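Novice: I have a structure here, written as structure tokens, and I will follow up with some questions on it.
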Number of protein chains: 2
Amino acid sequence: MNFEIISIGTELLLGQIVNTNARDISQLLSELGMNVYYTTVVGDNPERLSEALEIAAGRADGIITTGGLGPTKDDLSKETIARFCGLKCVTHEESKRKLIEIFEKQGRYMPKNNLKQADMPEGCIVLKNEFRTAPGAIIESDKATIIMLPGPPSEMKPMLLNEVRPYLEKLADSVIRSKVLRVFGVGESAAEEKVNSLIENQTNPTIAPYAKTGEMEFRLTAKAETESEADRLLKPLEEKVREILGDCVYAEGEDASMQETVVKLLREQGKTVTFAESCTGGLLAKKITEIPGSSECFNCSYVTYSNEQKEKILGVSHETLESYGAVSSQTALEMCRGAREAADADIAVSVTGIAGPGGGTPEKPVGLVYIGICADGLWESKKLLLNGSRDAIRERTSLYALDAVRRELIKNNSK
Amino acid sequence: MNFEIISIGTELLLGQIVNTNARDISQLLSELGMNVYYTTVVGDNPERLSEALEIAAGRADGIITTGGLGPTKDDLSKETIARFCGLKCVTHEESKRKLIEIFEKQGRYMPKNNLKQADMPEGCIVLKNEFRTAPGAIIESDKATIIMLPGPPSEMKPMLLNEVRPYLEKLADSVIRSKVLRVFGVGESAAEEKVNSLIENQTNPTIAPYAKTGEMEFRLTAKAETESEADRLLKPLEEKVREILGDCVYAEGEDASMQETVVKLLREQGKTVTFAESCTGGLLAKKITEIPGSSECFNCSYVTYSNEQKEKILGVSHETLESYGAVSSQTALEMCRGAREAADADIAVSVTGIAGPGGGTPEKPVGLVYIGICADGLWESKKLLLNGSRDAIRERTSLYALDAVRRELIKNNSK
């Protein structure tokens, strides 16, 4: 089946909010193997909404709308959609009762306009709103199946998952399973070329590359009649991709992160990490401590922005700073050695660089970064030349630094 | 003028990402007094994109697209749009040179498919991509003015503000001027109630409140024929709002941040700050060092996660930790005193708390946080009880901590 999403709300067109509803609905539809070719945003305007419905019904089997179900004068979705389907709205007694109950329970006076929330298109399936007053509805009309959901995400999401999902599952004739592989250390196009042979002529399963700040994601997707059949299709593709990309694949899953992988490996191996940060200014420590349980593998960290503090806290020698400068391989090396000692940690990573926008010179341009790593039997530095804004340079640097820790730790795994 | 936005990308239809680009573009168009009646999302599919272009060009004077300008085979926007306008794509020499330069600078091999990014529709205005390889374009065709922007927000946003905005400003027939006041330290509804009298019956100028994580934003907007006329309308409203909210207004502007205000005040007063972070784990230092020039007022900072390190680095007494625990007013006080001394800073702020999801007890629940501040003639702590996820608790804590620094600094201003 082929669905379209119509998000209704002038606040979306004014850019006052971001459309997370469309994302959440798309995700569910994709998971259920339903195709979404278009999504549209339209304001709280009956003519333009009718036009959008006309176009969508001409292209899709089903339409999911969000917004415009509330009590205010602007909320016109239900009336407009009912008219589009040639239906009248009639009072839904159960919803009316619930509405009155909610106000009574809160000891609040109910303004009369609230009652219009209980007027529903005749013959529709009413969807309960667990948290607030506006119910949703499903209309199975000749033009299309139209599912109306409220606009506030806190009301839309539970209704989508609890009421709409079971309804859609019955309509779905196939399952889609996806697996996301997160990749670091291969440039966007280089990585793609490597898996290009897999991407060409793909039908089912498919593989789609996606570049994020400093890293890549490959989404493997299979469509089948059952979950286990879809998983069976995915497996050989995943193996091939992993073979090509090797240990550049650092994690699996949509929400996985480099810091999560690093904390997991550290905890498994009972090791601790510390950082000596200059240009990332605390970003590395912040990332590690995002992960619950990081206190098991992280005791402390140093943000040494000034040269003085690099000497005082990390014991970087004055001569090194004088002869090579703060942004140098030598300083990076002394910083991580000093941090490892001060923190009594197993692995120490240092970062020193020029994040910009100011501070660059022809010899040491913005984007020049040195990363140092010090561990048992390892003491080395790496030079990076990064592009982008201050934020992007700091973000990418932190990925390189965490990846250095990861690579050191997986060495132990393969021993 | 009337614009439509077409966001191109299968990842949007699959719900893999949320469409922040449409929000950012809508915001700009609204600010310039341009109407947006529809926005559409369509996949990386030439037929469906052509259909979307046809519909949009029939309804709007201008179209802004995002996505599909990159080097991969999926990136088909430029070719499809050029064909829609009856134009050929030809190599844009300057973009080609820049492309090759970027790869050379990074010492990376350039896969051939990258060159297609420099093929531009004939006669178009080329929009520079400050940070990456894919340029954008403006086509002034009979069907519509079409502005093509890249998909990744980190590339789209600077192009929108630096290149597209001045172009659109010339087209606009009325001006909308907005001023955003950022507010911290007033609860959402309390602040709103205070300005409620201003919000009611407003027409021009208007005021709209927005709640963000831990803070609030009030957007004041006026529409007029000229900028100065719009500014003249805004001024008395701004004065009223500032009168009501007092020093809870910490900054002006969309992209302003608490850390920016703090760095500005510190630099103005020639002072330095340092942090002793436990549960925020580097977030405070990271925020301060986000701001270019922060090295003038920030030398170093300490992330002391373990008790041992609180003693060793900050000199917190073993007895304090034993008797009151790490999450206590006493520990917070000793942490900031120790950090101030160690860093030789003018102001030191400490943070210790339970960010969750684990680690809470009935006496010390998740969300309990102590903030300490130590400066000339000031040594105090504050207890917070915060709600939300680990991330939200850390984020809110960092705002409270930075706000404590701000309030200490503005005391000097009013002297």
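The values are calculated or read from the model by the stated rules, or taken from the named source; none is laboratory data. Note that the structure is predicted; figures quoted are calculated from it, not measured. Every residue, glycine among them, receives a Cβ derived from its backbone with ideal geometry; neighbour counts consider all protein chains shown.
Novice: Just need a number here: residues in the range A:44-56 that are within 10 Å of another protein chain (Cβ to nearest Cβ), under 12 Å from B:Ile55 (Cβ atoms) and within 32 Å of the chain's Cα centre (by Cα).
Specialist: Of the residues in that region, 2 qualify.
Novice: If you check A:Leu266, A:Leu283, which single one turns out to be within 20 Å of A:Leu378 (Cα to Cα) and within 25 Å of the chain's Cα centre (by Cα)?
Specialist: Among A:Leu266, A:Leu283, only A:Leu266 is within 20 Å of A:Leu378 (Cα to Cα) and within 25 Å of the chain's Cα centre (by Cα).
Novice: Moving to a separate point now. Kindly indicate whether any position in the range B:152-169 is among the hydroxyl-bearing types (Ser, Thr, Tyr) and farther than 21 Å from A:Val366 by Cα.
Specialist: Yes, that holds for at least one residue.
Novice: Only one residue in A:Arg59, A:Arg23 is facing chain B (nearest Cβ under 10 Å), under 22 Å from the mean Cα position of the chain (by Cα) and of a type in the set (D, E, K, R), so which one is that?
Specialist: The conditions single out A:Arg23.
Novice: Which residue, of B:Gln106, B:Gln16, is more than 24 Å from the chain's Cα centre (by Cα) and facing another protein chain (nearest Cβ under 10 Å)?
Specialist: Answer to the selection: B:Gln106.
Novice: Any idea which residue in the range A:153-182 is farthest from A:Gly70 (Cα to Cα), counting only those that are part of a helix (DSSP H, G or I) and among the basic types (Lys, Arg)?
Specialist: A:Lys170
Novice: Right, another one. What tally of residues in the range A:1-19 results from selecting those that are modelled with pLDDT under 95 and among the hydroxyl-bearing types (Ser, Thr, Tyr)?
Specialist: Going through the range A:1-19 one residue at a time, the tally reaches 1.
Novice: For B:Val262, indicate whether it is in contact with a Gly (Cβ under 8 Å, 6 or more places away or on another chain), crowded, with 19+ Cβ neighbours inside 10 Å, closer than 27 Å to B:Gly367 by Cα and away from chain A (no Cβ under 11 Å).
Specialist: Criteria not met by B:Val262.
Novice: Among the residues of the range A:203-219, which ones are of a type in the set (D, E, K, R) and either over 17 Å from A:Thr397 (Cβ atoms) or not assigned by TED's automatic domain parsing to the domain that holds A:Cys248 (or both)?
Specialist: A:Glu217, A:Arg219
Novice: Just one of A:Ile313, A:Ile354, A:Ile373 is in contact (Cβ under 8 Å) with a residue 40 or more places away in the chain and either farther than 18 Å from B:Ser295 by Cα or in contact with a Gly (Cβ under 9 Å, 6 or more places away or on another chain) (or both); which is it?
Specialist: A:Ile354
Novice: Considering each residue of the range B:234-287, count those that are in a helix (DSSP H, G or I), closer than 30 Å to A:Ser295 by Cβ and in contact with a strand residue (DSSP E or B) (Cβ under 9 Å, 6 or more places away or on another chain), and give that number.
Specialist: 7
Novice: Going by the structure shown, is A:Thr145 closer than 27 Å to A:Thr10 by Cα and out of contact with any strand residue (DSSP E or B) (no Cβ under 7 Å at 6 or more places or on another chain)?
Specialist: no
Each row is one residue, and each column tells you yes or no for (1) out of contact with any helix residue (DSSP H, G or I) (no Cβ under 8 Å at 6 or more places or on another chain); (2) aliphatic (A, V, I, L, M); (3) at pLDDT 95 or above.
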| site | (1), (2), (3) |
| --- | --- |
| B:Leu283 | no, yes, yes |
| B:Tyr305 | no, no, no |
| B:Val316 | no, yes, yes |
| B:Glu319 | yes, no, yes |
| B:Arg340 | yes, no, yes |
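Novice: Among the residues of the range A:374-387, is there at least one that is farther than 21 Å from B:Thr304 by Cα, hydrophobic (A, V, I, L, M, F, W, C), under 32 Å from the mean Cα position of the chain (by Cα) and surrounded by fewer than 17 Cβ atoms within 10 Å (Cβ to Cβ)?
Specialist: yes
Novice: What number of residues within the range A:195-252 satisfy the criterion of being among the hydroxyl-bearing types (Ser, Thr, Tyr), under 19 Å from B:Gly15 (Cβ atoms) and touching a residue at least 40 places away in the same chain (Cβ under 8 Å)?
Specialist: 1
Novice: Exactly one condition in (1) closer than 17 Å to A:Pro71 by Cα; (2) surrounded by 12 or more Cβ atoms within 10 Å (Cβ to Cβ) is false for A:Gly123; which is it?
Specialist: A:Gly123 satisfies all of (1) closer than 17 Å to A:Pro71 by Cα; (2) surrounded by 12 or more Cβ atoms within 10 Å (Cβ to Cβ) except (1).
Novice: A further question follows. Mind telling me which of the residues B:Ala348, B:Ala332 ends up being small (Gly, Ala, Ser), closer than 27 Å to B:Thr272 by Cβ and in contact with a Lys or Arg (Cβ under 6 Å, 6 or more places away or on another chain)?
Specialist: So the residue among B:Ala348, B:Ala332 that is small (Gly, Ala, Ser), closer than 27 Å to B:Thr272 by Cβ and in contact with a Lys or Arg (Cβ under 6 Å, 6 or more places away or on another chain) is B:Ala348.
Novice: Next question, about the same structure. For the range A:138-152, how many residues are surrounded by fewer than 22 Cβ atoms within 10 Å (Cβ to Cβ) and not in a loop (DSSP other than H, G, I, E, B)?
Specialist: Number of matching residues: 3.
Novice: Counting residues that are within 37 Å of the chain's Cα centre (by Cα), which helices (runs of 4 or more DSSP H) fully inside the range A:288-345 reach at least 2?
Specialist: Of the helices (runs of 4 or more DSSP H) lying wholly inside the range A:288-345, those with at least 2 residues that are within 37 Å of the chain's Cα centre (by Cα) span A:307-314, A:329-343.
Novice: Specify the residue that is surrounded by the fewest Cβ atoms within 10 Å (Cβ to Cβ); the eligible residues are those in the range B:26-43 that are more than 7 Å from chain A (Cβ to nearest Cβ) and farther than 14 Å from B:Thr65 by Cβ.
Specialist: B:Asn35
Novice: Mind checking which residues of the range A:266-287 are free of Cβ contacts under 8 Å to residues at least 60 places away in the same chain and either farther than 17 Å from B:Thr274 by Cβ or more than 7 Å from chain B (Cβ to nearest Cβ) (or both)?
Specialist: The answer is A:Arg267, A:Glu268, A:Gly270.
Novice: From the residues in the range B:246-255 that are modelled with pLDDT of 90 or more and under 20 Å from B:Pro205 (Cβ atoms), which one is surrounded by the fewest Cβ atoms within 10 Å (Cβ to Cβ)?
Specialist: Selected residue: B:Glu252.
Novice: Search the range B:83-116 for residues being of a type in the set (Gly, Ala, Ser) and over 18 Å from B:Lys128 (Cα atoms), and hand back the single one that is surrounded by the most Cβ atoms within 10 Å (Cβ to Cβ).
Specialist: B:Gly86
Novice: What are the residue pairs meeting all of these: first residue in the range B:95-116, first residue among the aromatic types (Phe, Trp, Tyr), second residue surrounded by 15 or more Cβ atoms within 10 Å (Cβ to Cβ), Cβ atoms under 6 Å, and 6 or more apart or on different chains?
Specialist: Qualifying pairs under 6 Å: B:Phe103/B:Met110.
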